Amino acid sequence: MQEAHIIAGSASVLVKVRTGTTEQLQDVLRRLYEIEGVSGTRATVVLETFFERPVSTGV
């Protein structure tokens, strides 16, 4: 898991994960469903990334 955010709107949490295969993504989704209180998920698959900013360490 790379990021997790509490958000406003129809969902309450946004989780960013990276997997190498769709099977690995399915495994992540299955594990999320095992968490008490999780009643649904919505997956969005990124096809192409225009840019990413590196994480700032604050140093």
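The values are calculated or read from the model by the stated rules, or taken from the named source; none is laboratory data. Just so it is clear, the structure is predicted and the values come from calculations on it, not from any experiment. FYI the Cβ positions are ideal-geometry reconstructions off the backbone, even for glycines, and counts take in every protein chain you see.
Return yes or no: is L47 surrounded by 10 or more Cβ atoms within 10 Å (Cβ to Cβ) and not polar (S, T, N, Q)? It is false that L47 is surrounded by 10 or more Cβ atoms within 10 Å (Cβ to Cβ) and not polar (S, T, N, Q).
Scan the stretch 8-37 for residues that are at pLDDT 90 or above and assigned to a loop (DSSP other than H, G, I, E, B) and the total you get is 9.
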